[in-house]
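Report on the following structure.
Please treat every number below as a calculation from the coordinates, not as lab data. Source: prediction; values computed, not measured. Because the Cβ atoms are built from the backbone with ideal geometry, glycine has one as well, and the counts that use them run over all protein chains shown.
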Amino acid sequence: MCIEVSSQLLRADNPEVYLERLHKLQVRCVQEIRLLNKKLNEFHQQACRHTLQQRIQELQQRQKFYQAQLTSLTACASA
């Protein structure tokens with residue numbers, strides 16, 4: 001982006017054209033940043049959902065393990 005910006009600004013014929021191009025480039029940069037932030041937020045949310053899903057599965061497995069242990073202990077206590 002730096003080379004593109006520099007070359008576009010160097011070709012400006014006068015200060016008005018320079019300022020106009022500078023403004024357009026600034027607007028473009030802001031738009032790109034917003035788009036990238038939106039995409040990053042989407043990826044972050046997806047990652048969080050994936051992480052939460054993994055955590056839920058881990059907790060469910062632990063729950064099943066302890067339920068089985070409790071069932072065994074209850075059976076031993078009844079015998």
Where does helix 15-78 land angle-wise versus the long Cα axis of the chain, in degrees 0 to 90, nearest 10?
0 degrees
Taking a cut-off of 29 Å between Cα atoms, list the lysines near K24, but don't count ones fewer than 8 places away on the same chain.
K38, K39
If the elastic network links every pair of Cα atoms under 10 Å, which of Q46, Q69, Q57 fluctuates the most in the Gaussian network model of the chain?
Q69
Net charge over other residues, Cβ less than 13 angstrom from the Cβ of L40 (K, R count +1; D, E count -1):
+1
Take the chain, connect every pair of alpha-carbon atoms lying under 10 Å apart with a spring to form a Gaussian network, then pick out the residue of R21, R55, R11 with the largest mean-square fluctuation.
R11
What translational diffusion coefficient, in µm²/s and rounded to a whole number, does the Stokes-Einstein relation yield for the stretch 2-78 at 4 °C and a viscosity of 1.567 mPa s, taking the hydrodynamic radius as the Kirkwood radius over Cα pairs?
73 µm²/s
The residues S72, S78, sorted from fewest to most surrounding Cβ atoms within 10 Å, come out as S78, S72
Suppose R0 equals 35 Å. What FRET efficiency, 1/(1 + (r/R0)^6) with r the Cβ-Cβ distance, do K39 and V17 give to the nearest 0.05?
0.60
